[in-house]
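Below: the structure, in structure tokens.
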Amino acid sequence: QKTGSTFVTDFLKRFCRERCLSEDKHLPVPAERYSAQKLYIISTRNPVDHYLSLYSYGVDEKGKFQRRLRKEGYESLYNGTPEGFRRCLKIILRAPSARSLNREYARIGGGNIARIIGFQSFRYLRLSILSHRETLEDVTDEVALRQLFERSNIIGFVLRNERLNDDLANLVQTKLLNSIADQIG
């Protein structure tokens, strides 16, 4: 969410000859629908920028993220100030806050995942590895998590929001070279 995925999806629908297997931009690929012959693309964003965007959205009283935190008694954080953002970020990045952000994130591995990585990193992982709940269950430290990611990552191309146009051009000129319709005339 908030990484340019709607723009990317619209671009690919418009110009790609291949059909999109799924438009569930924020949902993991079900293991039974995975195909090693297909290219899986993810869009991502610098986590601090991502948190700032979510915070700004929350200041406008929009989004699930701020609703969860307000429900937990953190409404005073959403005052639109740099200090409010810093305090919000400190709370969000503490493992005990995981339950407020996402129950699944809080529960996996008895809470180990929330102690090892932040919420935005978890969101990335849940889209990048098949059967993420089961796969992440036994992870106990950062080293094991990195090794698991190296073995299990299904993503064939990463688009970074901060350089989305350049990454999209690179994707079209490399991985999708034969799949993009010519746009002459």
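Tabulated data
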quantity: Alpha carbon Rg of region 76-143, scaled by the compact-globule rule 2.2 N^0.38 Å; calculated: 1.21
quantity: Most fluctuating residue given options G63, G118, G109, as computed from a GNM of the chain linking Cα atoms under 10 Å; calculated: G63
quantity: Karplus 3J(HN,Hα) series, Hz, for region 120-127 with 6.51 cos²θ - 1.76 cosθ + 1.60 (x for Gly, Pro); calculated: 5, 5, 4, 4, 5, 4, 5, 8
quantity: Accessible area of the chain belonging to carbon and sulfur atoms, whole % at 1.4 Å probe; calculated: 47 percent
quantity: Whole-Å distance, taken between Cα centres, linking region 52-77 and region 93-138; calculated: 20 Å
quantity: Range in the chain, longest, excluding exposed GluC sites (Glu not before Pro) [loop by DSSP; at most 11 other beta-carbon atoms within 10 Å]; calculated: 62-185
quantity: Accessible area in square angstrom per residue, the chain, 1.4 angstrom probe; calculated: 61 Å²
quantity: Coil-residue trypsin sites (Lys or Arg not before Pro) of region 92-125, DSSP, other Cβ within 10 Å capped at 15; calculated: R94
quantity: Space enclosed by the convex hull of the alpha-carbon atoms of the chain, per residue, Å³; calculated: 135 Å³
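The values are calculated or read from the model by the stated rules, or taken from the named source; none is laboratory data. Everything numeric here is computed off the predicted structure, so don't read it as measured data. When we count neighbours, we look across all protein chains shown, and the Cβ atoms used for this are built from the backbone with ideal geometry, even at glycine. The area values use the complete protein model at the heavy-atom level, side chains included, leaving out ligands, DNA and RNA. Shrake-Rupley method; radii C 1.70, N 1.55, O 1.52, S 1.80 Å.
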